[in-house]
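Take a look at the structure set out below.
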Amino acid sequence: MRTYNSIKNMIFSVLSNALTIIIGFVVQKFFLDILGTEYLGVNSLYSNIVSMLAIADLGIGTAIIYNLYEPVAKNNKNKIKSLMRFYRNTYRVIALVIFLIGLVIIPFLPIIVGKTTIPYIELVAFFILFLIDTVASYLLSYKRSLLYADQKIYITSIVHLGYLVIMNSLLVISLVLTSNFYLFLIIKIIMRILENVVISIIADKKYPYLKDREVKKLSKATINDIVLKVKGLVFHKLGSFFVLGTDNIIISMFLGVSVVGLYNNYYLVIYALNTLISQGFTSFTASVGNLLTLESKERTYRVFKRIRFLNFWVSAYTAISILVVMESFISSWYGKEYLLPTAVLITLVLNYYLTVMRFNVSIFKEAAGIFHEDRYIPIIESITNILASLIFLKFFGLAGVFLGTITSNLLLHLYSYPKYVFKPLFDKNVGDYFKSIAKYFILFVVTAIITYFVCNIITIDNSVIKMTVNIGISLVIPNFIFYLVLHKKEEFKYFKKLFFKILNNKLKKEC
């Protein structure tokens, strides 16, 4: 049953994310054509700011879901009710705190937004609507945590799919008919509330005891456990935002909100690929946790190398595809006037590769529960990211912002991961770790240069045809080079054997 639920949850999660990506491209195309880059930049910037405010939950949701696993498995209704009541009350306080902090930010909006022709009063009104949308996400949403803990993620995924289709259809219609950003934001708020209401109704029907008024106070031991986990998570939550969420703010403050809009077209593609790949690798976490508990370090290290090999192939191939396809995609979908300098694209590709290559180590880190040991690393990473981005910005412009993110990314790859994950888990010389990532990186760079060169010697004026040709080249050249270099490795032989085993089993079933 556990395996069945995991597969079902994964399928619906991937479908939901894939649909989100496709719809996102369509809506952004209409948004850009009708409202322009300035409004797209404001939309992206404010999304970043409210995600920063969401740090106020401090990982409480994650900690409570963890504490729900045992009572859900044992059908301990009293403890479930106590946890849910605590969760509801905590989220109400968090919603209020977020709203108040948001109001404090309003006077600083002209500084944060930077150069823009949008009147200040409209910037404030838009931000208040974003703030209301974020606060609304905390009302009633706590009940979905019980569905997560009960391995019923597919239910929330189905509801979310319906929410996406209806909301984005209404958004496109509103843009076409009214060209009104206010209505755009109001529709998002209403649909957010409706989604939470639907999930709340489903949860009440599946778990009718949630309506009981007699609820015991949560035990002190459970509260202490939640607090302990929150303490470990808060640094990582803060670090994640400051590394991944501050680029738009820095760009807007120093280069203008229109540049944020231009960058967002690139970001949407990169974020889409990042999310889909993350979904796939995250599904390994539970199995890795079991592996760390039951198997020897040597066996665990062998599995780690296999996952790292797969991680490299996927991240390097998709990074190279972004490098050679992105510009023709932007030209054909949005228009040549929305292209950024090639130097910016190169830094985005490097940062994407380094970010996705973190997945294999992150799986083992999370499965091993390594949160406390490296708790200060996210703070150091955050400071490094902001300072380096500001320094490089002066010399390299927009590309410098992403060079700063690359610098902070390297801190994890070159210091945190070998010290806190590789050495403790596998008891191996960290020299082996550095040799491996260096070899993979050199292979990635050389392959990227060759593929980029081949794509650029073929000149085609039509951007759609050029994109099609570049996609074909990116399918053949990188995979061919990777095969030539890596086909003798044990990891390649393992996945080749696994592929044919799955294929043979499928053929047997069909016969």
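The values are calculated or read from the model by the stated rules, or taken from the named source; none is laboratory data. On a predicted model such as this, the values are computed, not experimentally measured, just so you know. We place every Cβ from the backbone using ideal geometry, glycine too, and count neighbours over all the protein chains shown.
Considering Ile98, Ile118, Ile106, Ile128, the condition of being touching an Asp or Glu at 6+ places or on another chain (Cβ under 9 Å), hydrophobic (A, V, I, L, M, F, W, C), assigned to a helix (DSSP H, G or I) and in the same structural domain as Ile187 (by TED's automatic domain parsing) is satisfied by Ile98 alone.
Considering region 162-187, and only residues there that are in contact (Cβ under 8 Å) with a residue 40 or more places away in the chain and within 17 Å of Leu19 (Cα to Cα), the residue that is surrounded by the fewest Cβ atoms within 10 Å (Cβ to Cβ) turns out to be Val165. Does region 103-126 include one or more residues that are within 23 Å of Tyr163 (Cβ to Cβ) and in contact with a Phe, Trp or Tyr (Cβ under 8 Å, 6 or more places away or on another chain)? Yes; the residues of region 103-126 include at least one that is within 23 Å of Tyr163 (Cβ to Cβ) and in contact with a Phe, Trp or Tyr (Cβ under 8 Å, 6 or more places away or on another chain). Inspection of region 188-208 identifies at least one residue that is in a loop (DSSP other than H, G, I, E, B) and over 24 Å from the mean Cα position of the chain (by Cα).
Name the helices (runs of 4 or more DSSP H) wholly inside region 294-383 in which the number of residues that are under 19 Å from Phe495 (Cα atoms) and among the polar types (S, T, N, Q) is 3 or more. Answer list for region 294-383: 297-333. Taken together, the residues in region 35-66 that are modelled with pLDDT of 75 or more and assigned to a helix (DSSP H, G or I) amount to 18.
Restricting Tyr494, Tyr483 to those that are farther than 20 Å from Ala319 by Cβ, among the hydroxyl-bearing types (Ser, Thr, Tyr) and either outside the structural domain of Tyr334 (by TED's automatic domain parsing) or surrounded by 11 or more Cβ atoms within 10 Å (Cβ to Cβ) (or both) reduces the list to Tyr494.
Among the numbered conditions (1) at pLDDT below 95; (2) hydroxyl-bearing (Ser, Thr, Tyr); (3) buried (at least 21 other Cβ atoms within 10 Å of the Cβ), the only one that Tyr334 does not meet is (3).
Screening the candidates Ile377, Ile391 for the property of being assigned by TED's automatic domain parsing to the domain that holds Leu273 and either aromatic (Phe, Trp, Tyr) or more than 17 Å from Ile346 (Cβ to Cβ) (or both) yields one hit, Ile377. Put simply, of Ile105, Ile98, Ile80 the only residue that is farther than 30 Å from Phe127 by Cβ, modelled with pLDDT of 75 or more and of a type in the set (Val, Ile, Thr) is Ile80. Just one of the numbered conditions (1) modelled with pLDDT of 95 or more; (2) surrounded by 20 or more Cβ atoms within 10 Å (Cβ to Cβ) is not true of Thr355: (1). Based on what the data block shows, is Tyr182 assigned by TED's automatic domain parsing to the domain that holds Leu131 and modelled with pLDDT under 90? Here the answer is no, as Tyr182 does not meet what is asked.
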